[in-house]
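Sharing a structure here in structure tokens format.
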Amino acid sequence: TEIYTLSLHDALPILAIIAARIDGRLVHGQVANLWTTKLGATRIMVVDEAASKSDIDKSGLRMATPETVRLSVLDVATAANHILNHKYDSQKVFIVAKRPETFLALVEAGVPIKELNVGNMSQTDKTRSITKSINVVDEDIETFKKLDAHGVHLIAQMVPGDAAADFMSLLKKG
């Protein structure tokens, strides 16, 4: 007979995450001022492999972050580890990343993201437009489908004053 034990650590719900947003610009006016204020966030967590290794990127992100808000700039593995080990449970964490695959990696690592706001995804010569500020390539669409299959509710909402639109419906039209 096998005996399974569940530690208290495993049973604790993760309370820290109050919002998650895709934004190619990471921390800028909308994220730093409008969203952070509306959400009452106490920490912005930027999850980005390149930025987490660049002192210049981190410095720029710090300058864009409101003085009253903490900032973490982490790679996916470190972000998932910190969240799952309840490092931020006393805080209100707003997760921001550039691409949907970052959020898929977090979700697949066990990070409980219930809703993802698809904000700004810049246009390139390889993208097609879903809204005026959301542009995707085929790989993005596949990643959004995987996030949806994991039970993540995907919305599109540029600023807090806009109505949230169901992103999967927009994706089907686009």
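Looking only at the stretch 164-174, which residues are open to solvent by 40 Å² or more (accessible area, probe 1.4 Å) and touching a helix residue (DSSP H, G or I) at 6+ places or on another chain (Cβ under 9 Å)?
If the condition is that a residue be open to solvent by 40 Å² or more (accessible area, probe 1.4 Å) and touching a helix residue (DSSP H, G or I) at 6+ places or on another chain (Cβ under 9 Å), then Gly174 is the only one that fits.
Looking only at the stretch 142-163, which residues are modelled with pLDDT of 95 or more, surrounded by fewer than 16 Cβ atoms within 10 Å (Cβ to Cβ) and either farther than 20 Å from Gly110 by Cα or in contact with an Asp or Glu (Cβ under 6 Å, 6 or more places away or on another chain) (or both)?
His153
Taking the stretch 118-174, which residues are in a loop (DSSP other than H, G, I, E, B) and within 20 Å of Val27 (Cα to Cα)?
Selection gives Gly119, Asn120, Ser122, Gln123, Lys132, Ser133, Gln157, Met158, Val159, Pro160, Gly161, Asp162.
Taking only the stretch 72-84 into account, find how many residues are assigned to a strand (DSSP E or B) and either surrounded by fewer than 17 Cβ atoms within 10 Å (Cβ to Cβ) or at positive phi (or both).
0
Of everything in the stretch 43-71, what is more than 17 Å from Gln30 (Cα to Cα) and either in contact with a Cys (Cβ under 7 Å, 6 or more places away or on another chain) or assigned to a helix (DSSP H, G or I) (or both)? Give them in sequence order.
Glu49, Ala50, Ala51, Ser52, Asp55, Ile56, Asp57, Lys58, Ser59
Anything in the stretch 129-141 that is closer than 22 Å to Glu108 by Cα, without any contact (Cβ under 8 Å) to a residue 40 or more places away in the chain and crowded, with 19+ Cβ neighbours inside 10 Å? List them, or say none.
Val136 - this is the single residue of the stretch 129-141 that is closer than 22 Å to Glu108 by Cα, without any contact (Cβ under 8 Å) to a residue 40 or more places away in the chain and crowded, with 19+ Cβ neighbours inside 10 Å.
Scanning the stretch 5-34 for residues that are outside any strand (DSSP E or B), open to solvent by less than 20 Å² (accessible area, probe 1.4 Å) and at pLDDT 90 or above, which turns out nearest to Ala156 (Cα to Cα)?
Filtering first and then ranking leaves Asp23.
The values are calculated or read from the model by the stated rules, or taken from the named source; none is laboratory data. Everything numeric in this text was worked out from a predicted model, so none of it was measured. Glycine gets a Cβ as well: all are built from the backbone with ideal geometry, and neighbour counts include every protein chain shown. The accessibility values were calculated without ligands, DNA or RNA, using every heavy atom of the protein model including side chains. Shrake-Rupley method; radii C 1.70, N 1.55, O 1.52, S 1.80 Å.
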